[in-house]
1. From the set of residues in region 151-163 that are assigned to a helix (DSSP H, G or I) and touching a residue at least 40 places away in the same chain (Cβ under 8 Å), which is surrounded by the fewest Cβ atoms within 10 Å (Cβ to Cβ)?
2. What is the one condition in (1) modelled with pLDDT under 80; (2) farther than 18 Å from ILE125 by Cα; (3) surrounded by 24 or more Cβ atoms within 10 Å (Cβ to Cβ) that GLN52 does not satisfy?
3. Just give me the residues in region 94-129 being part of a helix (DSSP H, G or I), surrounded by 15 or more Cβ atoms within 10 Å (Cβ to Cβ) and not aliphatic (A, V, I, L, M), in sequence order.
4. Specify which of the listed residues (VAL136, VAL142) is at pLDDT 85 or above, surrounded by fewer than 21 Cβ atoms within 10 Å (Cβ to Cβ) and not basic (Lys, Arg).
5. Scan region 241-264 for residues that are surrounded by 16 or more Cβ atoms within 10 Å (Cβ to Cβ) and either more than 26 Å from MET215 (Cβ to Cβ) or in contact with an Asp or Glu (Cβ under 6 Å, 6 or more places away or on another chain) (or both) and jot them down.
6. Among the numbered criteria (1) assigned to a helix (DSSP H, G or I); (2) at pLDDT 80 or above; (3) under 25 Å from LYS137 (Cα atoms), which one does LEU31 miss?
7. Quick one: how many residues across region 255-296 are in contact (Cβ under 8 Å) with a residue 12 or more places away in the chain, within 30 Å of ARG143 (Cβ to Cβ) and of a type outside the set (Gly, Ala, Ser)?
8. Residues in region 204-243 that are out of contact with any helix residue (DSSP H, G or I) (no Cβ under 6 Å at 6 or more places or on another chain) and under 30 Å from GLY101 (Cα atoms): how many?
Amino acid sequence: MASSTEHGTKAILAALGANFAIAIAKLLGFLVTRSGAMLAESFHSFADSGNQALLLFGHRRARKPATPEHPFGYGRERYFWSFVVALVLFMLGSAFAIWQGISKLRHPEHLNSLTWAIAILGGAIVLEAFSFRVAVKESNKVRGDASWVSFVRRSKSPELPVILLEDLGAMIGLVIAFFAVIISAITDNARWDGAGTLAIGILLGLIAIVLAIEMQSLLIGESATKPVRKRIVMLISSSPEVTELIHIRTQHMGPDDLLVAAKVRFKESLNTTQIAEAIDAIQDSIRAEVPDAQSIYLEPDLARLDG
């Protein structure tokens, strides 16, 4: 998980560069062709560029040191700004595209230059494919054996799932715009362009909902993944001084910051000093194998407690 931050930053920078270039190209394409789908895609790419800027801002905020008011640090800033990306910018992009699509369906405008539209959309697809390839490559370095659906749903680092879905949505949107423009020109019916714009808006809305749900879960606080939790349980239970792990709680305070709290029964023959030494040894073993476990609290107890 510690390396997911680095991989996420690479994916963000690649997406930012590609999306800003694509946004400018699409805007110029709209000015030439007057295509509603092209305008919606231009707004989409500018919004995506803003998304990446906010993700980078979240990275910077998350590095602030802990304070008395925030003793566990600012790691959740990354979750918060990813949630803003999903909830606000995607929703704005979706709302704009839907409004534009309905407007074009009611008041269709014929394309001025099919050649320009195809050239710009084709180039945008190439650039977006490059950004998506970087996101996939960086995600593969940290997702292990998890499926793509599981990775998006279970990843504790929010940036890679955001960039993956963002780039995937952008590529699908570009394909929709491409065919909408071509069909509109072939049939000489500009409403196809409006229909494509509306479809792009719906697509963005669906992606926004998925991302908002996932980021909301991270923002509230998710436990460690099952393999990590299983490893921590094993490290505590295998200590020769421990007779029983009564219960354990874990929660991500940030993508690379895991809180571990456990109630443990130690051998009754141990004195206070020996219990303290045993706790220190367990904490060291956990941190050695689970570097994200930055805050570990082990409470000795003599009886099982519910909850």
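The values are calculated or read from the model by the stated rules, or taken from the named source; none is laboratory data. These numbers come from a predicted model, not from an experiment. Quick reminder, even Gly has a Cβ in these numbers, built from the backbone with ideal geometry, and neighbours come from all protein chains shown.
1. ARG153
2. Single failed check for GLN52: (1).
3. If the condition is that a residue be part of a helix (DSSP H, G or I), surrounded by 15 or more Cβ atoms within 10 Å (Cβ to Cβ) and not aliphatic (A, V, I, L, M), then SER94, PHE96, GLN100, GLY101, SER103, LYS104, TRP116, GLY123, GLU128 are the ones that fit.
4. Checking each option against the conditions leaves just VAL136.
5. Selection gives GLU241, VAL242, LEU245, ILE246, HIS252, ASP256, LEU258, ALA262, LYS263, VAL264.
6. Only one criterion in (1) assigned to a helix (DSSP H, G or I); (2) at pLDDT 80 or above; (3) under 25 Å from LYS137 (Cα atoms) is unmet by LEU31, namely (3).
7. So the count comes out to 15.
8. 6
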